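Below: the structure, in structure tokens.
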Amino acid sequence: MSDIKITVNVDEYLALNKFEVDEEQAHIELVENPDMAEFLKLVRVCPAALYKVDAEGKTSFDYAGCLECGTCRIACGDTIIKKWSFPGSTMGIEYRYG
């Protein structure tokens, strides 16, 4: 058995991506006063870490860094996700490698 250890810094790879954010129309919207248990699911599963809870328990969400993977939609369905769609043409993420 090999003892090779590979470390991947996801933040470095995500920093390579380019985002064109549609400031006029969010492609993800949450319901008002989302259920905390559902929100905490998104804190754990969102690969872009768009969902946050601070030390005082205040929640925050920012769609601008969305990877458009749909994980939030799958994890919570329509329980706290009011709207989920792909960003408009020329908007959203542009993946870059290397």
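General observations
- Residues of the stretch 1-51 classified as in a strand (DSSP E or B), open to solvent by 50 Å² or more (accessible area, probe 1.4 Å) and touching a Ser or Thr at 6+ places or on another chain (Cβ under 8 Å), total: 1
- For the stretch 72-90, the set of residues classified as open to solvent by 40 Å² or more (accessible area, probe 1.4 Å) and touching a Leu at 6+ places or on another chain (Cβ under 9 Å) consists of Lys82, Lys83, listed by residue number.
- Within the stretch 52-67, tally of residues that are exposed (fewer than 15 other Cβ atoms within 10 Å of the Cβ) and part of a loop (DSSP other than H, G, I, E, B): 6
The values are calculated or read from the model by the stated rules, or taken from the named source; none is laboratory data. Since the structure is predicted, the reported quantities are computational estimates derived from the model, not experimental observations. A quick note on method: Cβ atoms are made from the backbone with ideal geometry, for glycine too, and the neighbour counts reach across all protein chains shown. Areas reflect the complete protein model, heavy atoms only, side chains present, ligands, DNA and RNA absent. Shrake-Rupley method; radii C 1.70, N 1.55, O 1.52, S 1.80 Å.
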